[in-house]
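To start, the structure itself, in structure tokens.
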Amino acid sequence: MHLILFIMFAGLCLAGALNLLLQKHPINSALSLVVVMTSLAVLYLLLGAEFLAAAQIIVYAGAIMVLFTFVIMLLNAGREERTRGSVSAVALGFPAVAAILAVIATVILKAQDLGSASLSDGITSTEELSRVLFHELLLPFEVTSVLILIAILGAVALARRGNGEEAGK
Amino acid sequence: MIPLSWYLLLSAALFALGIVGFLIRRNLITIFMSIELMLNGVNLSFVTFAHQWHLVKGQIFVFFVMVVAAAEAAVGLAIIISIFRARATLAVDRIDLMKL
Amino acid sequence: MNGPLLFLPLIPLLPFAGFLLNGLFGSRLPKPLVTLIALLAPLGSLAIVVHDAYLYWSGALAVPAIEHSAPAWISAGTLHIDFGFVFDQLSLTMLLIITGVGFLIHIYSVGYMAHEEGYWRYFAYLNLFLFFMTVLVLAGNALLMFVGWEGVGLASYLLIGFYFKRTSAADAGKKAFVVNRIGDFGFLIGIFLLLANFGTLSFSEIATKLAANPGWQGGVLTCIALCLLLGATGKSAQLPLYVWLPDAMEGPTPVSALIHAATMVTAGVYMIARNHALFDRSPLALTVIAIVGTATALLAATIALVQTDIKRVLAYSTVSQLGYMFLGCGVAAYSAAVFHLMTHAFFKALLFLAAGSVIHGLGGEQDLRKMGGLRKKMPITFWTMTAAVFAIAGFFPFAGFFSKDAILYAAFLQGTNGKIFWAVGVFTALLTSFYMFRLWYLAFLGKPRSPELHPHESPWSMLGPLVILAALSVGGGWIGIEKFGGFLSPAVGPMPTKGGSSSLELTLSIAAVALAIVGWLIAHLLYFAKPEKPAQLAASVSGPYKLLLNKYWVDELYGAVIVKPILAVSRFLLEWLVEFAILGGLAWLLAGLAMLSGAILQKWQSGNLRSYAAWLAAGAAALLLFALVPWTSVLANFGIHLNLVHFYGAGR
Amino acid sequence: MTILQFVLFSLLKVLVVTVVLLTAVAYTVLLERKVVGRIQNRWGPSRVGPFGLLQPLVDGVKLFLKEDLVPASVYRPLFLLAPVLALGCALVSIAVVPFGNPAVAPEGFHLFQISDVNIGLLVVLGVTSIGVYGIALAGWSSNNKYSLLGSLRSSAQLISYELALGLSLVGVVLRAGSLNLRVIVESQAGHGILSWNIFGGFQIVAFFIYLTAAYAETNRAPFDLPEAESELTAGYHTEYSSMKFATFFMAEYANMITVSCVASLLFLGGWTSPFGSLLPPPHNIILSALLPIFWFVVKVFFFLFLYIWVRGTLPRFRYDQLMNFGWRYLMPIAILNIVGTSLWLALKH
């Protein structure tokens, strides 16, 4: 059962990621990414991280990606323009990607003490998660809230400036 | 029963695909999405290792990555919007002057 | 510590407080308040010193008393230096002179400086000087003494250049500072040598160590002694570093009296006396000191013969008298040297202050040739000056007689060399008598030579100190060298009396006084009886006269031999080597490098996001490969063996 | 229970629930038309069947038989995907809603709930947030300015009010100590209406925040700006016709029902009786199974009626008013509510 689910959603995941690369229209890419994220949520569930699965859906698929589609719609971004490419991006980038993938895969495959996952594995409860988060990692948690605040201010400032310019015209 | 290395390989593949996306896409927003893909790939490996070592902290790290990604998306998209206002294009190859 | 409280730290700190108050707020304070602060500071110090002196003479105090500050100043390894203050007969004598004469000169300055610009600044500097001078005298170790030593140099520099709007004053300040640096260099080397050889800088510990090794003579001790001597010649204006003192007369006259006659310039003598245990072990150094002292005394006295500026005459006279003190030190008669130091402080301060009164009365005129006939106009100044002239000329029973006599007698007892020193010293006494009476006649007797000047007597704030100092100049020596030497001997050792007798001493005294009278008679003849004679005389021996008038061309010699080459080398270093070669070359090199790297990096910094990403990915790949691929074994497969144990550390 | 049994049983539950839900959707539409008609002093549909009760059926037939127009310049894949996405999301969230007292069912069978999930509440929120895509994509792919504006408004509104909505639920979650909807309901059982969250848990403020935010989430009056007829013709579904339009329609009403379900679960004690132990528990097994369902349906019906009542009564907000209201009032109040509830719970322990 686990195997079936894994293959299904891992396949969906990879397909979505590939589609993200291959689609010419950003909105299709965005939706592919939503598929990837949703499938990942299922994989998290398989690994016993139910709260993260929900958070993945709510935060990534439900908030961040909505923001992306929103911006795509707002800017009415069309199909990609054909522009001159970057030689170094291809000549340097692809071997680098291949090398990274090769190294990581080698390391993973050579690792001896990796365990395995099955459906009967225990699920990390939200309570357990929050206990660690709000006791041991309270400071980082609070710091992230400051980060969010800064991000909000930054985004508003950027948007405001644009509005001001338009009002000036 | 499936070995955790499969999850890790999937995570590596997603990460690599993210890089490839960054390299071959020409649209600023798509490139940004490729970055999100890379983050997701890394998140998967965090969750996998949290499962491997039975550590809750691995999952909480993913939580933090999500928070940071949200902040990043907010600011990044605001930047993209202001770039679009200034340049009227989203093609990265056309946005190569380091001034507006 | 046990025993009565001495309040030693307060002695320097009170003037320092005065300096801070006047220095920081003086420009905004009303003048009477500035005066009050400036006078209270030395008065407080004087009161403490008197209190301590009373404790000493009432027998309630065991000397030497040493007070340590609680925290160490420098603590490095076995070296510990603290703010230790030492109180013994020597420092007590010096403190009485410094605070007593200093206080009198402060009072005098109130009248003298009353109408000067920068009144508060003057008193702030003067208090600062007192602070450093008392630190110097009280210091229980060489380093703390060095602080005072440098500090008085600073105060001296500031006060010489007090009229900084005059180029000559600013130059004189710089000259004093630079010349003193040479001496300080020697002192510093001496301190290092002390530290290296004794492991401590405390005077008492050094003396203890020397006493524990009676056989330790010469060698490195001579080296230390000569280095310290170089320092002393700088501060006390001896050959070859005396050139700054005559120029230092650019400062206000009370400053010349306090710093450049009574106190600071005697610091060298004090330092030698303080370290007498060290100098006693080095006969060579003592001989050098005696030679330097004698030569300086003679040289300065000859120059003083022909000077026409009243303050310059006194300045060369100071140099000459300091030479006597060095001679005293050189023949190990430290008590006599300190004795002369004390009497000299009285009469030379008096001379300067009286001269200041004259200058003040004449509205700033310093040229002897324009004075004359002031006896009637400034009677008190005249009579106090007369006391000082008789004292310096060595007439019985004035103070100078006793102290100078003690030195010459001690010199006479030192074998063949001593006889020569004595002969030169007595001849110098004749010259001293001559030039002092010359000054006396020119300034006060005869007819007024400048009718356009309208001299007037000075206010009582100036005359009061004159009278007190005159009394001291007359009676300051009556204590006699036997008693004084007995008093000081615990601190500086006994007077050498080997081979002496009271009849010999009497004979020598009579000879010295006789020569002084001869000097007076010559002066009387030349400057009172036949005033036209000196000019004829100068014309008939124009060669030596010009030599003396130009001070042996020493300044010019130093200028040609030392200053010019240094200037040339400095200019070469600055303008060519530093400016052109190093800075310019470096600038060109850096600019070229920047442009070259810019040209290369420009290609890289294309602004294309995707190429950046590619480089990022490449970097990540490189890091991963470096971290994860076992390079050594890979290379080993190709037959290359690397020993990287030290590279990765032994743990791997 | 084997996997096969589990799958079959689950499929059966899904089938029953979906059929019931869709029927409920159809009759909610009828209810709305009737009630709004009465409010506006007219009869509403009354011709088909007794009291017009067959009206939903003929409406369905009409929409099914209409020509399915797809405009030429739409972005076809997404234009087709959007309504499916909208309805799918609306239907999925019902899966975690418990309708009746699970204690009645035999062990291992979640008889009155398709899936008993630990994080049921989060699932509802997550699925709702995915539902945004349906509206956003519909508007964008229609290639029509009214549609685009409608969908932009809708997306912005959904994102804004989801915040207040989520925050208003935190108080309830804090009191129950769980995200499981069943546990949340069980925490309100005991003293009937007095132990419901709205009263017993002092969540009455949160209740009104939730209600307001939920109206905005479902694009209902007075927050129905995305489909404001007078401004945007029909908003994001302007270009849709026939069954696709019907799909959006069903999605909207299904969402209303889901929201009502969640409201009654979280604030009104779900299936529990308002009288608590005042009414003796029925001994009949059938009755003890059906009575909770009855209470649940009554509560959901109450909420649906409220929806319609509000629609018939209140005028529409202006867009800036809507945004101001959401960010400047609802969210701060919701945060204050969390603080207050936390303090109360902390002091109680």
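The values are calculated or read from the model by the stated rules, or taken from the named source; none is laboratory data. If you're wondering where the values come from, they're calculated on a predicted model, not measured in any experiment. Cβ placement follows ideal geometry from the backbone for every residue including glycine, while neighbour counts extend to all protein chains displayed. Calculation scope for accessible area: heavy atoms of the full protein, side chains included, ligands and nucleic acids excluded. Shrake-Rupley method; radii C 1.70, N 1.55, O 1.52, S 1.80 Å.
Convex hull of alpha carbon positions in chain C: directionally averaged projected area 44.3 nm². Projecting the Cα atoms of C:Y545, C:S611, C:S570 onto the charge dipole of region C:536-634, computed from C-beta unit charges around the Cα centre, puts C:S611 farthest toward the positive end. For the residues D:R220, C:R312, a 1.4 Å probe over the protein chains yields an accessible-area ranking, largest first, of C:R312, D:R220.
Shown are C:I420, D:I333, whose ranking by accessible area with a 1.4 Å probe and every protein chain present, most to least, is C:I420, D:I333.
Amide H to amide H distances under 5 Å link C:F87 with C:A65, C:I66, C:E67, where only residues 5 or more positions off or on other chains count and H is placed in the peptide plane. Taking Cα centre as origin and charging only the Cβ of basic (Lys, Arg, +1) and acidic (Asp, Glu, -1) residues, the dipole magnitude of chain C rounds to 980 debye.
Annotation: region C:444-496 has a Kirkwood hydrodynamic radius of 15.1 angstrom, from the mean reciprocal C-alpha pair distance. Per the Kirkwood formula applied to alpha carbons, the protein assembly as shown shows a radius of gyration over Rh ratio, Rg over Rh, of 1.30. Plugging the Kirkwood radius over Cα pairs into Stokes-Einstein for chain A, at a temperature of 10 °C and a viscosity of 1.306 mPa s, what D comes out in µm²/s? Roughly 79 µm²/s, to the nearest whole number.
Just to be sure I understand the model, the point goes 7 Å from the Cα along the line to the Cβ. What's the resulting C:A514 to D:L80 distance in nm? Spacing of the two 7 Å Cα→Cβ label points: 14.4 nm. Using equal-weight Cα scatterers in the Debye expression, the normalised intensity of region D:70-348 in log10 at q = 0.07 Å⁻¹ is -0.27. Helix-only arithmetic for chain C: the sum of -39500 (n - 2.57) across DSSP H runs with n ≥ 4, divided by the residue total, places the mean residue ellipticity at 222 nm at -22500 deg cm²/dmol. Cross-link partners of D:K13 among aspartates and glutamates, defined as those whose alpha carbon lies under 17 angstrom from its own and excluding same-chain residues fewer than eight positions apart: D:E107, D:D116. Carbon-plus-sulfur accessible fraction, region D:160-202 (probe radius 1.4 Å, protein heavy atoms only): 70%. A dipole drawn for region D:70-348 from +1 and -1 charges on Cβ atoms has a positive end, and of D:Y133, D:F208, D:S154 the residue lying farthest that way is D:F208.
The phi-based Karplus calculation (6.51 cos²θ - 1.76 cosθ + 1.60; θ = phi - 60°) puts the 3J(HN,Hα) values of region C:421-433 at 4, 4, 4, 4, x, 5, 4, 4, 4, 4, 4, 4, 4 Hz, whole numbers, x for Gly and Pro. Note on the protein assembly as shown: with charges restricted to the Cβ of Lys and Arg (+1) and Asp and Glu (-1), its dipole about the Cα centre is near 2260 debye. Solvent-accessible area assigned to carbon and sulfur over region A:1-141 amounts to 69 percent, based on a 1.4 Å probe.
Here the contact order of chain C, divided by its residue count and restricted to Cα pairs under 8 Å and six or more residues apart, works out to 11 percent.
Just so you know, the Rg over Rh for region C:293-335 is 1.08, from Cα atoms, with Rh as the Kirkwood radius.
Volume per residue of the convex hull around the Cα atoms, evaluated for chain B, comes out as 94 Å³.
Within the same chain, lysines fewer than 8 places from A:K24 are excluded, and of the rest, those with a Cα less than 25 Å from its Cα are D:K145.
Per residue, the average separation of C-alpha pairs within less than 8 Å and at least 6 apart gives chain D a relative contact order of 23 percent. Surface calculation, 1.4 Å probe, protein heavy atoms: C:D171 sits at approximately 80 Å² accessible. Each of A:T144, A:A89, A:G62 was placed along the dipole of chain A (beta-carbon charges, centred on the mean Cα), and the one lying farthest toward the positive end is A:A89. Please identify the longest segment of chain D free of exposed GluC sites (Glu not before Pro), where exposed means a DSSP state other than H, G, I, E or B and no more than 12 other Cβ atoms within 10 Å. By the stated rule (loop sites, at most 12 other Cβ atoms within 10 Å), D:108-349.
Accessible area buried by the pairing of A and B, both sides summed with a 1.4 Å probe, works out to roughly 7000 Å². State the dimensionless ratio Rg/Rh of region D:105-222 (Rg: radius of gyration of Cα atoms; Rh: Kirkwood radius). Rg divided by Rh gives 1.08.
To the nearest 10, the accessible area of D:F202 is 130 Å² with a 1.4 Å probe.
Summarising the amide proton neighbourhood of B:I2: residues at separation of 5 or more, or on other chains, whose placed amide H is nearer than 5 Å comprise A:A117.
Shape analysis of region C:247-335 based on the Cα gyration tensor places the equivalent ellipsoid semi-axes at 26, 15, 7 Å, largest first. Of all lysines in the structure, those lying under 29 Å Cα to Cα from C:K31, and not within fewer than 8 positions of it along the same chain, are C:K165, C:K311. Of the residues making up region B:83-98, those losing 30 Å² or more of accessible area when the isolated chain is joined by the remaining protein chains, with a 1.4 Å probe, are B:F84, B:R85, B:V92, B:D93, B:R94, B:D96, B:M98. Filter C:K348/C:K498; C:K419/C:K498; D:K62/D:K244 down to the pairs with a C-alpha to C-alpha distance above 21 Å, please. Long pairs (Cα-Cα over 21 Å): C:K348/C:K498.
Label reach from C:A620 (point 7 Å along Cα→C-beta): in region B:17-32, amide nitrogens under 11 Å belong to B:17-23.
When the residues D:Y133, C:Y112 are ordered by accessible surface, computed with a 1.4 Å probe over the protein chains alone, the sequence from largest down reads C:Y112, D:Y133. What the phi angles of region B:33-40 give under the Karplus curve with 6.51, -1.76 and 1.60, with θ = phi - 60°, is a coupling list of 5, 4, 5, 4, 4, 4, 4, 5 Hz, glycine and proline written as x.
The base-10 log of I(q)/I(0) for region C:82-153, evaluated at q = 0.18, 0.24 Å⁻¹, reads -0.72, -1.03 [Debye formula, identical scatterers on Cα atoms, solvent excluded]. For region C:475-482, the Karplus equation 6.51 cos²θ - 1.76 cosθ + 1.60, evaluated at θ = phi - 60°, returns couplings of x, x, x, 5, 4, x, 5, 4 Hz by residue, with Gly and Pro reported as x. Across every direction, the projection of the convex hull enclosing the Cα atoms of region C:279-399 has a mean area of 7.7 nm².
Peptide A:106-118 has a mean shielding of 5, counted as Cβ atoms of other protein chains within 10 Å of each residue's Cβ.
Its Kirkwood hydrodynamic radius, worked out from the mean inverse distance over all distinct Cα pairs, puts region D:31-84 at 13.8 Å.
Calculated [222 nm] ellipticity per residue, helices only, for chain A: -23000 deg cm²/dmol; basis is -39500 (n - 2.57) per DSSP H run with n ≥ 4, divided by all residues, nearest 500. Accessible surface calculations at 1.4 Å, restricted to protein heavy atoms, place the protein assembly as shown at 44 Å² per residue.
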